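Chemist: After the structure tokens below, expect a handful of questions from me.
Readers should treat all values here as calculations from the given coordinates under stated rules, not as data from a laboratory. Predicted model only: the values in this text are computed from it and were never measured. Here the Cβ positions follow ideal geometry from the backbone for every residue, glycine too, while neighbour counts run over all protein chains shown.
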Amino acid sequence: MKARTFRRFALPMATGLCLAWLAAIHLGANYAAARTPQEVEAAASISRPQDPVVVAGASFPAFANALTGSLALYAYRSGIWTPIPFQIDEVSITGTYVVSDGGLLDANDELVFMAGDAGDSATGSNWPADPQSRIYARYAITLTDPLSPTSAGWAYLYRSTTLPRSSLRYITWTESAQTMVAVSYTASFSPTEFIGLSNLAINGTSVDILDRQKIRATALFGTIILDEENLPDLIPSLAASVTFPAIGPVRAVSNNGAFYGAKLDINASLTFDFLSPDFIRTSFDWNDPAVTGITRYRDSNTPGTVTIDGVTDTVASTPRITWAQVNGNAAGPGGIVVAIPSVNPGMGTTQNYYKDNGIIDANDKGDKMSFGDVGVLVNNPGGAVGFTIAAYILPPGTTASVGATYFSRATNPLASGVGEQCFTATGSCTRIYLPLIRKN
């Protein structure tokens, strides 16, 4: 007879719980029923509801290659487990968002949810009453705010097909209409006419406050004029309709930007292989304040209010602004749009652009006027320029100068720590070793 050799292998306590359950049944015990209610370890105190949380799939090794549809995200609030909106965006190995990359969680994928949905901290042995989720480990995601080190919030990622999911949606994208409807705004594109945002209504009203997003440039000492309407003729890839390969209840995202419930991240990269522009700028031009109620302007150089009324104002062109905001009044939709621009100027130099002039300009586009038209301009940029704009849509009743606060938030994203927990008395995922018998 051949000798038997023995090996030992590590078995996670979470994945081996079926053995423990069989033992419990054999002993006539009911572990879940015998446990006492657990208290909250710490209450949620994070206060950045417009900011998303993005966690790489590599942070969840125990769920590697799990079906993304088998994962559920929960928050614990006042002793109750509640499903919260989330999505898992699939990302290819080249870092590109894709519609599908097999439907299995891998290291490149991204878990996304909103900081405003984070809840309290639960003890390690406090789980929803869902037997399937207890077979596997869970991940406790701890949010911290670098701007407020004592603030924190928590969310818990489970693997279970029987846990209910949240039915809430913060965004809905209709590609045929090129329109995004979010909880705080409705934004549209008109790609057959020009590139960039074409409409923006905020805080539940139908009033379009945006004339258009402008992209302007000249070349050969002003003899060639480029704008958002004729640029697609020179750069055909710009003429395509806007698409989002990754869409869920929390965001719509592509490699050109992301749209959330109250925040827009817009990226634009322009490469001029055929000429060298004298300058290029991108800006947001608002509609007539008499219609929109958007009547006040501030930026990081101009903490006082500048009235948007079509009458020329003196606004500093340097140093480059880190934020700008426009405020509504009682006659319009109310609220604030805060824009945080950043730019890769190539070989050029940057300055601010601001124009408030209600006189018709026959050479302009859109309504041919400029009401609080604000953006960034790059002089002599060379071949390539990149613009990124983060825009927050804030609710009515927000009247103060808050641009500096949101600039700090945009440049200091929330941090997340991830810890594996198992359904044990302590929540520990201690590995146990069982003999593996191999016959030779």
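Chemist: In what sequence do F189, F63 fall when counting other Cβ within 10 Å, fewest first?
Modeler: By the 10 Å Cβ count, ascending: F189, F63.
Chemist: Report the net charge of residues surrounding T162, where surrounding means a beta-carbon distance below 12 angstrom and charges are Lys +1, Arg +1, Asp -1, Glu -1.
Modeler: Its environment carries a net charge of +2.
Chemist: Can you pull the three principal axis extents for the Cα set of the chain, in Å, largest first?
Modeler: 95, 51, 38
Chemist: Okay, next question. Which of these, E90, E193, E229, has the largest mean-square fluctuation under a Gaussian network model of the chain (Cα springs below 10 Å)?
Modeler: Judging by the Gaussian network model, the answer is E193.
Chemist: Using the Cβ atoms and a cut-off under 12 Å, what net charge is assigned to the surroundings of L71, where Lys and Arg are +1 and Asp and Glu are -1?
Modeler: +2
Chemist: Quote the convex hull volume per residue of segment 352-404, based on C-alpha atoms, as a whole number of Å³.
Modeler: 155
Chemist: Take every Cα-Cα pair in segment 126-227 and report what % of them are more than 18 Å apart.
Modeler: 71
Chemist: Determine the calculated [θ] at 222 nm for the chain from helices alone, applying -39500 (n - 2.57) to every DSSP H run no shorter than 4 residues and normalising by the residue count; nearest 500 deg cm²/dmol. Let's see the in-between values first.
Modeler: Values: 6 runs with 36 residues, N = 440.
Mean residue ellipticity, 222 nm, calculated: -2000 deg cm²/dmol.
Chemist: Determine ³J(HN,Hα), in whole Hz, for all residues of segment 201-216 in sequence, where each value follows from phi through the Karplus function 6.51 cos²θ - 1.76 cosθ + 1.60 and θ = phi - 60°; x replaces Gly and Pro.
Modeler: With coefficients 6.51, -1.76 and 1.60, one gets 10, 10, 6, x, 9, 9, 6, 7, 8, 10, 5, 4, 7, 9, 10, 10 Hz.
Chemist: So, one more: Normalised by the residues of the chain, what does the relative contact order come to in percent, with Cα pairs under 8 Å and at least six apart?
Modeler: Details: 1065 pairs, mean separation 86.1, N = 440.
Relative contact order comes out at 20 percent.
Chemist: Between segment 207-224 and segment 136-175, what's the alpha-carbon centroid distance in Å?
Modeler: If you average the Cα positions of each part, the centres end up 40 Å apart.
Chemist: A further question follows. Can you put K214, K368 in order, fewest other beta carbons within 10 Å first?
Modeler: K368, K214
Chemist: Mind checking which of T350, T243, T94 has the largest fluctuation in a GNM of the chain, springs on alpha carbons under 10 Å?
Modeler: For the chain, modelled as a Gaussian network with Cα springs under 10 Å, the answer is T94.
Chemist: Still on this structure, please answer the following. What is the Cα centroid distance between segment 360-380 and segment 81-102, reported in whole angstrom?
Modeler: Answer, in whole Å: 38.
Chemist: On to the next question. Using only the Cα atoms of segment 375-433, build the gyration tensor, take square roots of its eigenvalues as a ≥ b ≥ c, and label the shape rounded, prolate or oblate: rounded if a/c is under 1.5, else prolate if a/b is larger than b/c, else oblate.
Modeler: Taking the square roots of the gyration eigenvalues as a ≥ b ≥ c, segment 375-433 is oblate.
Chemist: Report the local net charge at D309: Lys and Arg +1, Asp and Glu -1, summed over other residues whose C-beta lies under 11 Å from its C-beta.
Modeler: -2
Chemist: Across every pair of different alpha-carbon atoms, what Kirkwood hydrodynamic radius in Å does segment 171-411 reach?
Modeler: Over segment 171-411, the inverse of the mean reciprocal pair distance is 18.1 Å.
Chemist: Let me ask something else about it. Over segment 260-314, calculate the relative contact order: mean separation of alpha carbon pairs under 8 Å at least 6 apart, over the residue count, as a percent.
Modeler: Averaging sequence separation for qualifying contacts and normalising by length gives 20 percent for segment 260-314.
Chemist: Moving on to the next point. Take every Cα pair under 8 Å in segment 171-411 that's 6+ residues apart, average their separations, divide by the length, and report that relative contact order as a whole percent.
Modeler: Numbers: 605 pairs, mean separation 49.8, N = 241.
Once normalised by length, the contact order is 21 percent.
Chemist: Working from the alpha-carbon coordinates of segment 36-168, get Rg over Rh, Rh being the Kirkwood radius.
Modeler: Over the Cα atoms of segment 36-168, Rg/Rh equals 0.96.
Chemist: Among E420, E41, what is the fewest-to-most ranking by other Cβ atoms within 10 Å? Intermediate values should be presented prior to the final figure.
Modeler: On the way: E420 18, E41 13.
Lowest count first: E41, E420.
Chemist: Let me ask something else. Classify segment 316-380 from the C-alpha gyration tensor, please: rounded if a/c falls under 1.5, else prolate or oblate depending on whether a/b exceeds b/c.
Modeler: It comes out oblate by the Cα gyration axes.
Chemist: If you filter segment 207-260 for chymotrypsin sites (Phe, Trp or Tyr not before Pro), then keep DSSP loop positions with at most 11 other Cβ within 10 Å, what is left? Present the calculation step by step, with values, prior to reporting the outcome.
Modeler: On the way: sites: F221, F259, Y260; in loops: F221, Y260.
When the chymotrypsin sites (Phe, Trp or Tyr not before Pro) of segment 207-260 are filtered for loop state and at most 11 Cβ neighbours within 10 Å, F221 remain.
Chemist: Which residue fluctuates most in the GNM of the chain (Cα springs below 10 Å): T150, T305, T179?
Modeler: T150
Chemist: Throw me the Rg/Rh for segment 231-314, computed over C-alpha atoms with Kirkwood Rh, two decimals.
Modeler: That ratio is 1.05, to two decimals.
Chemist: Follow-up. Using the alpha-carbon atoms, what tilt in degrees (0 to 90, nearest 10) does helix 17-26 show relative to the longest principal axis of the chain?
Modeler: In the chain, helix 17-26 runs at an angle near 40 degrees to the longest axis.
Chemist: Which value, in debye to the nearest 20, gives the size of the charge dipole of the chain about its Cα centre, when Lys and Arg are +1 and Asp and Glu are -1 at the Cβ?
Modeler: So the magnitude is around 2620 debye.
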